[in-house]
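Everything below concerns the one structure shown next.
The values are calculated or read from the model by the stated rules, or taken from the named source; none is laboratory data. Keep in mind that what you see is a predicted model, and the values were worked out from it rather than measured. Please note: Cβ atoms are built from the backbone with ideal geometry, for glycine as well, and neighbour counts cover all protein chains shown.
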Amino acid sequence: MKKIIAGNWKMNGDANSLQNLFDGLQNLKSKNTVIVCPPFTMLNVPAPSNVAIGAQDCSSHNVGAYTGQISARMLADIAVKYVILGHSERRLYNGEESVEIREKALRAIENNITPIICIGETLNQKEQGETLGILTKQLTESLPNGVPAIIAYEPIWAIGTGLVASNDEIKAVHAHLRTLVDLPLLYGGSVNGKNACEILNIKNVDGVLVGGASLKIEDFALIINANGV
Ligand code: PGA
């Protein structure tokens with residue numbers, strides 16, 4: 001089945017390394033939707049036609065005196081098709097709250113950009129058995145009613161740590177999310193070429209959001225082709 005494979009470059013790379021990734025992706029045959037989300041400064045590096053471009057954030061405003069911010073309207077102006085919103089690193093380091101993420105998602109939709117809204121629990125919340133409650137709250141608060149978003153479940157303790165949620169954990173969370181929304185559901189957190197196939201085969205997993213392993217073509221290609229070419 002066709003899946004969504006999204007790469008989140010975070011604050012890594014440069015125009016040259018992104019060009020290398022694109023060169024490698026250009027000849028890759030895949031039935032999947034491939035999205036690459038580089039930093040803002042590299043959004044103008046020309047992507048091959050089989051790759052869609054996403055940003056990693058946008059403003060909750062369309063225009064105005066907001067120094068340092070970039071609006072969804074500006075992203076649409078350079079043909080950006082997706083935007084990651086509410087990544088746990090932004091929630092943590094930039095104090096982003098779900099209400100603001102919701103506004104950002106509305107601006108994205110208004111500008112024909114699909115938001116990829118991230119939700120996830122901390123290790124402590126998981127250990128307290130709060131996972132589903134936290135995710136329900138984050139989802140209902142961040143996702144505007146009826147918008148065609150993509151949802152990414154990224155357990156915070158699994159991001160960049162090499163720890164991956166077990167198949168049973170992913171299955172249970174995604175089954176729960178499916179009861180709340182009928183939208184594509186991605187899993188993220190230490191996805192790599194070795195575990196991607198198994199994760200993509202879990203029920204209600206419509207794709208993956210990949211950090212570290214999206215930086216190099218060798219690793220990213222394995223994930224893109226993990227469910228067959
Ligand atoms: P990771 O990051 O794949 O490096 O764990 C995932 C993410 O933060 O989107």
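Does I84 meet the test of being among the β-branched types (V, I, T), within 16 Å of the ligand (Cβ to nearest atom), within 20 Å of C37 (Cα to Cα) and not in a helix (DSSP H, G or I)?
On the way: among the β-branched types (V, I, T): yes; within 16 Å of the ligand (Cβ to nearest atom): yes; within 20 Å of C37 (Cα to Cα): yes; not in a helix (DSSP H, G or I): yes.
Yes, satisfied.
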Just the residues that are in a helix (DSSP H, G or I), over 13 Å from the mean Cα position of the chain (by Cα) and surrounded by 18 or more Cβ atoms within 10 Å (Cβ to Cβ), please, taken from the range 190-212. A196, I199, L200
Going by the structure shown, is G189 within 15 Å of the ligand (Cβ to nearest atom) and at positive phi? yes
Provide a single number: the residues in the range 117-168 that are in a loop (DSSP other than H, G, I, E, B), touching a Leu at 6+ places or on another chain (Cβ under 7 Å) and in contact (Cβ under 8 Å) with a residue 60 or more places away in the chain. 1
Scanning the range 157-168 for residues that are over 21 Å from V36 (Cα atoms) and surrounded by 17 or more Cβ atoms within 10 Å (Cβ to Cβ), the one nearest to the ligand (Cβ to nearest atom) turns out to be V164
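Residues checked against (1) on the phi > 0 side of the Ramachandran plot; (2) of a type in the set (V, I, T); (3) not in a loop (DSSP other than H, G, I, E, B):
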residue	(1), (2), (3)
M11	no, no, no
L21	no, no, yes
V34	no, yes, yes
G64	yes, no, no
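Per-residue answers, yes or no, for (1) within 17 Å of T114 (Cα to Cα); (2) modelled with pLDDT of 95 or more; (3) touching a His at 6+ places or on another chain (Cβ under 7 Å); (4) not small (G, A, S):
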residue: L139; (1), (2), (3), (4): yes, yes, no, yes
residue: P148; (1), (2), (3), (4): yes, yes, no, yes
residue: V173; (1), (2), (3), (4): no, yes, no, yes
residue: E198; (1), (2), (3), (4): no, yes, no, yes
residue: D206; (1), (2), (3), (4): yes, yes, no, yes
residue: L209; (1), (2), (3), (4): yes, yes, no, yes
residue: G212; (1), (2), (3), (4): no, yes, no, no
